[in-house]
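Engineer: Would you mind keeping the following structure in view while I ask a few things?
Every number here is computed from the coordinates shown, using simple stated rules; none is lab data. Since the model is a prediction, treat every value here as computed from it, not as a measurement. Every residue, glycine among them, receives a Cβ derived from its backbone with ideal geometry; neighbour counts consider all protein chains shown.
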Amino acid sequence: MQTQILYPDHSSYSLASSLIRQGKLVAFPTETVYGLGADALQEKAVLSIFSAKGRPADNPLIVHIHHRSQLESVCEIPEAAFSLMDAFWPGPLTMLFPKKPSVPDVVTAGLPTVAVRMPSHPVALAFLQACATPVAAPSANRSGRPSPTTAAHVLEDMAGKIPLILDGGACDVGVESTVLDLVHGQPCILRPGGVTREMLESVLQEDVLLAGSILRPLAKNEVALSPGMRYKHYAPKAEVTLISGKEQNVLQALKSLWQQSTDAGHRTCVLCFSEHLQELSDCNPHDLGSLSDASQVAHRLFDLLRGLDEEGIETVYSEVISTDGLGLAVMNRLGRAAAFRTIEV
Ligand code: TXA
Ligand code: MG
């Protein structure tokens, strides 16, 4: 199969929506990452998402809508969801809702809840409107690879497997949406993302819990609240280790670890904040973005992780950022890329 990349215009939306109606897959940009879409109500189409990605069948998908009126056909709406929809839709917030029978079980991996979000990217909204059906879409990467934030990333992973990629340029947020569980008691973030815990708490006027495995590996026999948390994700081929502690100690440790690893013959780099590039100039530094701007770090993180593979990097030592605000989403992704291996200095 030839994979076409088209810029969004009247004719590409029309092609994209007719492919979706025929049960085919279309990759499209959102403000978080690129999605791999299929008609959420066609079981066979949804199944082909799992095979194109190499995704385990027990990891459920997010259903994307462009208008709230589409909710009625797919789920019940808990009272608490309305204020969050008012505040954060369209935008990078996914909520779990009790599922209606119209949604095939393959979408939710058999769970009684369905995850739904309304993205804010204008191309995503126009595409969803043209499709006129809810669209199930995971991130458009091969399972286990960092999520794609450009059409070129999608092509790397999906060439020959899907007919069309809509190219909307680089994604703004750069990490996936926040997944929030409102249906099992106190609101709980299953995956941190573009809408922060602080933003949710200010609207809900109550504490929002964090799923245990956001900043550490799942314990043996621990049940993942969100099935996606079970899987190795966001991982470059290199072995990544996080270095945490006082700034001067971290910089010292990065220098000596880089030297040891390089002396041992490994292709090694450090991931550091823009503010430390100069001090670490001998250590093959890669720029995470500014220490004081987690949104910049989020925006470039997945592109950076993909680049490490292309460069053939084998060993990575990385700085860490505070888990306030969007820093929590960054540290979840970076932590998982490192299998949460951390050296305290
Ligand atoms: O930003 C995003 O959310 C992107 C764009 C394309 O919208 N999508 C995305 O989808 O990241 P995916 O499939 O890569 O991640 C969905 C996450 C997984 O961790 C999955 O386990 C969780 O949401 N999830 C989906 N449905 C769920 C459900 N019913 N209960 C618990 N977790 C669920
Ligand atoms: Mg994904």
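Engineer: Just how large is the dipole of the range 273-317 about the Cα centre, in debye to the nearest 20, putting +1 at every Lys and Arg Cβ and -1 at every Asp and Glu Cβ?
Structural biologist: Computed charge dipole of the range 273-317: roughly 160 debye.
Engineer: Just the number: Rg to Rh for the range 53-126, Cα atoms, Kirkwood Rh, two decimals.
Structural biologist: 0.97
Engineer: Would you mind listing how long the range 249-320 runs along its three principal axes, going by Cα atoms, in whole Å with the largest first?
Structural biologist: Largest first, the range 249-320 extends 35, 29, 17 Å along its Cα principal axes.
Engineer: Report ³J(HN,Hα) in whole Hz for each residue of the range 207-212, in order, from the Karplus equation J = 6.51 cos²θ - 1.76 cosθ + 1.60 where θ = phi - 60°; Gly and Pro get x.
Structural biologist: With the stated coefficients, the range 207-212 comes to 5, 10, 7, 10, 4, x Hz.
Engineer: Please list, ordered by chain and number, the residues whose modelled amide H lies under 5 Å from the amide H of Leu164; skip anything fewer than 5 residues away on the same chain.
Structural biologist: Amide H neighbours of Leu164: Gln4, Ala27.
Engineer: Using only Cα atoms, locate the centre of the range 80-146 and the centre of the range 242-281, then give the distance between them in Å, rounded to an integer.
Structural biologist: The distance from the Cα centre of the range 80-146 to that of the range 242-281 comes to 39 Å.
Engineer: Quick one: Cα convex hull volume of the range 158-235, Å³ per residue?
Structural biologist: It is 160 Å³ per residue.
Engineer: Follow-up. Among the trypsin sites (Lys or Arg not before Pro) in the range 264-318, which ones are in a DSSP loop with at most 10 other Cβ atoms within 10 Å of the Cβ? Mind listing them?
Structural biologist: none
Engineer: Okay, moving on. If you place +1 on the Cβ of every Lys and Arg, -1 on the Cβ of every Asp and Glu, and leave all else neutral, what size is the dipole of the range 64-200 about its Cα centre, to the nearest 20 Debye?
Structural biologist: Dipole magnitude for the range 64-200 comes out near 240 debye.
Engineer: Exceeding 23 Å between C-alpha atoms, which entries from my cross-link table qualify? They are Lys24/Lys53; Lys44/Lys161; Lys53/Lys220.
Structural biologist: Lys53/Lys220
Engineer: Turning to a different aspect of this structure: Please give the net charge around Ile313, taking every other residue with its beta carbon less than 10 angstrom from that of Ile313, where Lys and Arg add +1 and Asp and Glu add -1.
Structural biologist: Surrounding charge for Ile313 is -3.
Engineer: Counting pairs of alpha carbon atoms under 8 Å apart in space and at least six apart in sequence, what relative contact order in percent does the range 159-253 give?
Structural biologist: 16 percent
Engineer: Within the range 156-305, what percent of beta bridges assigned by DSSP are antiparallel, to the nearest 5?
Structural biologist: 40 percent
Engineer: Separate question: Put one equal scatterer on each alpha carbon of the chain, apply the Debye formula with no solvent term, and list log10 I(q)/I(0) at q = 0.06, 0.07, 0.08, 0.09 1/Å to two decimals.
Structural biologist: The Debye formula, applied to the Cα set alone, gives -0.21, -0.29, -0.38, -0.48.
Engineer: Quick one: net charge of Thr323's neighbours, Cβ under 13 Å, K/R +1, D/E -1?
Structural biologist: Around Thr323, the charge tally is +1.
Engineer: Once the other residues with Cβ under 14 Å from the Cβ of Gly91 are scored (Lys, Arg +1; Asp, Glu -1), what is the net sum?
Structural biologist: -2
Engineer: Counting only DSSP beta bridges with both residues in the chain, what percent are antiparallel, rounded to the nearest 5?
Structural biologist: Taking every DSSP beta bridge within the chain, about 35 percent pair in antiparallel fashion.
Engineer: Follow-up. As I understand it, the dipole of the range 137-214 uses +1 on the Cβ of Lys and Arg and -1 on the Cβ of Asp and Glu, about the Cα centre. Which of Val208, Ser139, Ser177 lies farthest toward its positive end?
Structural biologist: Of the candidates, Ser139 comes out farthest on the positive side.
Engineer: Mind checking the dipole of the chain: about its Cα centre, +1 per Lys or Arg Cβ, -1 per Asp or Glu Cβ, Debye to the nearest 20?
Structural biologist: Dipole size: approximately 1140 debye.
Engineer: With a/c under 1.5 counting as rounded, go ahead and sort the range 200-345 into rounded, prolate or oblate using the C-alpha gyration tensor (a ≥ b ≥ c being the square roots of the eigenvalues; past the cut-off, prolate if a/b is larger than b/c, else oblate).
Structural biologist: Since a/c reaches 1.5 and a/b is larger than b/c, the shape of the range 200-345 is classed as prolate.
Engineer: I would also like to ask the following. Report, in whole Å, the centroid distance computed from the Cα atoms of the range 178-219 and the range 294-341.
Structural biologist: 20 Å
Engineer: Another question, then. Run the Debye formula on the Cα coordinates of the range 29-167, all scatterers equal and no solvent, and tell me log10 I(q)/I(0) at q = 0.09, 0.12, 0.13, 0.20 1/Å.
Structural biologist: Treating every Cα as an identical point scatterer, log10 I(q)/I(0) equals -0.24, -0.43, -0.51, -1.24.
Engineer: Rounded to the nearest 500 deg cm²/dmol, what is the calculated helix-only ellipticity per residue at 222 nm for the chain, with -39500 (n - 2.57) per DSSP H run of length n ≥ 4?
Structural biologist: -9500 deg cm²/dmol
Engineer: If you don't mind, another one. Would you list, by chain and number, the aspartates and glutamates whose Cα falls below 13 Å from the Cα of Lys246, excluding same-chain residues fewer than 8 positions away?
Structural biologist: Qualifying aspartates and glutamates at Cα under 13 Å: Glu319, Glu344.
Engineer: Could you calculate the contour length gain from Glu247 to Ser11, that is, 0.36 nm times the residue separation minus the distance between their Cα atoms, to one decimal place in nm?
Structural biologist: My answer for the length gained is 79.7 nm.
Engineer: Which percent, nearest 5, of DSSP beta bridges in the range 15-174 are antiparallel?
Structural biologist: 70 percent
Engineer: May I ask you to derive the relative contact order of the chain, considering only C-alpha pairs under 8 Å and at least 6 residues apart, and to give it as an integer percent?
Structural biologist: It rounds to 19 percent for the chain.
Engineer: What list of ³J(HN,Hα) couplings, whole Hz, do you get for the range 213-225 from phi and the Karplus terms 6.51, -1.76, 1.60, once you set θ to phi - 60° and write x for glycine and proline?
Structural biologist: Rounded to whole hertz, the list is 8, 6, 10, 7, x, 4, 6, 4, 6, 6, 7, 6, 5.
Engineer: Hey, can you grab everything whose amide H is under 5 Å from the amide H of Ala40? Only 5+ residues off in sequence or another chain; H modelled, so Pro and N-termini drop out.
Structural biologist: Amide H to amide H, under 5 Å and 5 or more residues apart or across chains, Ala40 pairs with Val135, Ala136.
Engineer: Remind me, relative contact order of the range 265-345 in percent, using alpha carbon pairs under 8 angstrom and six or more residues apart?
Structural biologist: Relative contact order of the range 265-345: 31 percent.
Engineer: Hey, can you grab everything whose amide H is under 5 Å from the amide H of Val114? Only 5+ residues off in sequence or another chain; H modelled, so Pro and N-termini drop out.
Structural biologist: Correct list: Phe97, Lys99.
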